[in-house]
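The values are calculated or read from the model by the stated rules, or taken from the named source; none is laboratory data. In this text, all values refer to a predicted model and were calculated from it rather than measured experimentally. Neighbour counts run over all protein chains shown; Cβ positions are idealised from the backbone, glycine included. Protein only, heavy atoms only, side chains kept; ligands, DNA and RNA dropped before computing areas. Shrake-Rupley method; radii C 1.70, N 1.55, O 1.52, S 1.80 Å.
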Amino acid sequence: METTEISDLPEELLPCIFEHLPLQDLKNAALVCSSWAQAAASGRFLSRIMLRVDFRDGVHQQYRQYLVKSTRAYRNVGFYYRSDQLDLDLLLTVLKKFEESILCLKICPNYFIMVHDLRQMLVQVPNLESLYIVSRICTELGNREPVEPFPVLRKLKHLYLENDAGLQLDEIDFRRMSPNITSLDMDCDSERAHSVYRHFSSQLRELAVFFKRDDFFLPFCELRFPQLEILDFYCDDQQFDEPRAVLAVCKFFRQMPKLRRLTLRCNVCEEVMAAITENCPEMTTLYLKGDNLGPNAFRHLGQLKKLKGLKVEGWIRCNILQGCGPIPSLQMLYLHSVLIDDTQGFFRLLKDIAPNLQILEAIESDIDDECLKYISCNINSLRCLVLEFCPNLTEDAFSFLDRLTRLYELKLGYLDVPQNLFELIPANTIRRFSLYRCDKLDDTILPMVAEKFPNLAHMEIASCHRISLDGVELLRQLMPDTEIESFMLF
C-alpha cells in the first residue's frame, strides 16, 4: 500500500495546511526546511507574527546583520530599548527596510522617548495602521530647536498612548497627525486628552479610557460616541457615588446603540445596568464588577438577545439573577475573584437562564464540592471547565465529572488536590487537559492519566513542582498519540 508524504502534496496546499496551525506550531514548522520557512513567512501569515527587536542588552553585530539582511516583509514590529542607549540609526535602518510593509509599530523604551526621535520613526512608516507608544513622550531639556512637523498618517486606525504627557507638547497633535483613527486607548486626565476624545468621538468604533482623577470624568460622560462598538471603561468606584454621576453615565450608555463589547472595571449600580441592557441591543460580551449590585440586578440581562460572554468580579448575591429570562445565546461565563452568598443557589438559577452554556471559568471562587456536583449533574452543555484557586474543593467533587458528557477541555490550577485525585475521577471523553500548580501531585499519578483520559489529544503540565521531566517522558510513552507539553513557571 502506497503512502503519501507531505512532500508529495502540491506546493500550493502547504499554506492551506499552515493556516490551521496555532502560532507556536507555525513557528516550529518554519524550522523544518527552507521551503516550509518560506511558506510560513508568506504574506498571509505575517499578520500573525511580530518582529520583536530588543536593544535593551545592547546590539550584537550578528543580530544587526540579520536585521539588515532579512528579506521578510514584516508587518508588525516592536522596539524595546533603554532610553539612554538608543541606537536610533539602526532602528531607522530597520524601519526603512520594512517601511512599505509595516502596519503595526510598538515603541517600548524603558523610561521615555524624545519627540524628535519619535518623529523620525514615524516618517519611515507611511502605511502604519496601528501605533503603540508605551512610554512618556518628552522634549530634550534646554533644546529650543523647533521640531519639524510630524507626518500625517492617513492610514492609522488604532492609537495607544500609555501616558498622555505627549499630548501637552505643542509639537504633537494627533488630531492632525491621525485624522482617520477609529480606535483610541489612553487616559483622560487633561484638557488636551479630553479635546482629543471630543474631536474623534463621532468616528471611534473602539475605545479604552482610564480616569486617574475625577476632573474629567463627568465631562467625558457628556460626549457622544454613536459608532462605538467596543468600550473598556476604567474609573474609581467613588466616581459612581453621586447621583449626578449615575445620571451622566446612564445617559452616556443610552447613546450607544451599536455597542457590542463592554468592559466596566468598576462597581456599577442597578440604574447603570438597566441603561446598558435596555439601550445596547447588539451586546455580545459584558465584563463588570458586582459589589454594588443587589437582588434582581440582572433581571434585565435577558433583553440582551445576542449576549455570548459574561464575566463577573467581586461579591455578588445568589439571587442577582432572579427575574432574568432565558438567554439562549449565552455560552461563556467567567467568575473571577467572586464570592457568592449561596453558590449552589446561583447555579440553580443559571441552569435555566443559560441553557446552552459551554464555557465556565471559576478563578479565585468559592465553588465547593456540592456546587461542582450540581454543575456536573445539571449543566451538561459544558464543553470547557476551568477551576483555579478554589480552596473549598476536595477530591470528592471530581467524581461526578463523567456526568458532563460533552466536556472537551478541563483546566485545574492552584488546587490543593490530593495524590489520589485520578483514582476518584471516572473515565471520560475529555480531549484537552491542563494541570497548573497542583503541587501535591507527583509522578506516580501520571499512569492513571492514560487510564482515565483515554481520548486525550493534548495535555499541559505547568509548574507542578513534584512532577519531573522523567515522569512526563514516561507519560508520553504511555500516550504516544497525545501532544504533551510541560514547563516550569516561577
| request: Check region 447-469 and report whether any residue there is over 23 Å from Asp481 (Cβ atoms), within 27 Å of the chain's Cα centre (by Cα) and hydrophobic (A, V, I, L, M, F, W, C). | output: no
| Looking only at region 109-146, and only at residues there that are open to solvent by 30 Å² or more (accessible area, probe 1.4 Å), part of a loop (DSSP other than H, G, I, E, B) and among the aliphatic types (A, V, I, L, M), the one that is nearest to Val53 (Cα to Cα) | Val134
| In region 227-241, the residues that are assigned to a loop (DSSP other than H, G, I, E, B), at pLDDT 90 or above and of a type in the set (Asp, Glu) | Glu229
| Looking at Glu473, Glu483, Glu409, Glu460, which is the one that is over 25 Å from Ser365 (Cβ atoms), acidic (Asp, Glu), modelled with pLDDT of 85 or more and touching a strand residue (DSSP E or B) at 6+ places or on another chain (Cβ under 7 Å)? | Glu483
| Residue that is nearest to the chain's Cα centre (by Cα) [pool: residues in region 1-29 that are at pLDDT 70 or above and among the hydrophobic types (A, V, I, L, M, F, W, C)] | Leu21
| remark: Here the qualifying pairs (Cβ atoms under 7 Å; residues six or more apart or on different chains; first in region 205-217 and more than 18 Å from Lys251 (Cα to Cα); second aliphatic (A, V, I, L, M) and buried (at least 19 other Cβ atoms within 10 Å of the Cβ)) come out as Arg205/Leu228
| Restricting attention to region 370-395, and to residues there that are surrounded by fewer than 17 Cβ atoms within 10 Å (Cβ to Cβ) and under 21 Å from Pro418 (Cα atoms), which single residue is nearest to the chain's Cα centre (by Cα)? | Phe389
| said: Between a residue in region 465-479 that is more than 14 Å from Pro454 (Cα to Cα) and any residue that is surrounded by 14 or more Cβ atoms within 10 Å (Cβ to Cβ) and among the polar types (S, T, N, Q), which pairs come within a Cβ distance under 8 Å, given they are 6 or more apart or on different chains? | reply: Ile467/Ser486; Leu469/Ser486; Val472/Ser486
| query | Looking at region 457-466, which of its residues are of a type outside the set (S, T, N, Q) and open to solvent by less than 10 Å² (accessible area, probe 1.4 Å)? | reply | Met459, Ile461, Ala462, Cys464
| task | Answer yes or no: is there a residue in region 353-367 that is over 23 Å from Pro418 (Cα atoms), in contact with a strand residue (DSSP E or B) (Cβ under 9 Å, 6 or more places away or on another chain), acidic (Asp, Glu) and open to solvent by 10 Å² or more (accessible area, probe 1.4 Å). | result | no
| remark: Residue set Asp291, Asp352, Asp366; condition among the acidic types (Asp, Glu) and outside any loop (DSSP other than H, G, I, E, B); output residue Asp352
| task | Name, by its number, the condition in (1) open to solvent by less than 40 Å² (accessible area, probe 1.4 Å); (2) over 16 Å from Arg348 (Cα atoms); (3) not in a loop (DSSP other than H, G, I, E, B) that does not hold for Glu271. | result | (1)
| remark: Log entry, pairs with first residue in region 424-449 being touching a residue at least 40 places away in the same chain (Cβ under 8 Å) and in a strand (DSSP E or B), second being small (Gly, Ala, Ser) and open to solvent by less than 30 Å² (accessible area, probe 1.4 Å), beta carbons closer than 9 Å, six or more apart or on different chains, reads Tyr436/Gly413; Tyr436/Ala462; Tyr436/Ser463
| request: Could you tell me which residue of region 370-397 is nearest to Lys440 (Cα to Cα), considering only residues that are modelled with pLDDT under 85 and in a helix (DSSP H, G or I)? | output: Glu395
| query | So which residues in region 307-344 are open to solvent by 30 Å² or more (accessible area, probe 1.4 Å), part of a loop (DSSP other than H, G, I, E, B) and either polar (S, T, N, Q) or in contact with an Asp or Glu (Cβ under 6 Å, 6 or more places away or on another chain) (or both), if there are any at all? | reply | Arg317, Gln322, Gln331
| query | Would you pick out the residues in region 271-288 that are out of contact with any His (no Cβ under 9 Å at 6 or more places or on another chain) and more than 13 Å from Leu307 (Cα to Cα)? | reply | Glu271, Val272, Ala275, Asn279, Leu288
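For region 475-489, which positions are within 20 Å of Asp439 (Cα to Cα) and loosely packed, with under 15 Cβ neighbours inside 10 Å?
Glu485, Phe487, Met488, Leu489
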| query | Taking Lys106, is it at pLDDT below 90 and surrounded by 15 or more Cβ atoms within 10 Å (Cβ to Cβ)? | reply | no
| Among residues of region 421-450, those that are open to solvent by 50 Å² or more (accessible area, probe 1.4 Å), out of contact with any helix residue (DSSP H, G or I) (no Cβ under 7 Å at 6 or more places or on another chain) and under 20 Å from Ser376 (Cα atoms), counted | 3
| message | I'd like the residue in region 76-103 that is assigned to a loop (DSSP other than H, G, I, E, B) and open to solvent by 20 Å² or more (accessible area, probe 1.4 Å) and, out of all such residues, is modelled with the highest pLDDT. | response | Leu103
| Of the residues that sit in region 290-338 and are closer than 21 Å to Ile363 by Cβ and among the hydroxyl-bearing types (Ser, Thr, Tyr), which one is modelled with the highest pLDDT? | Tyr334
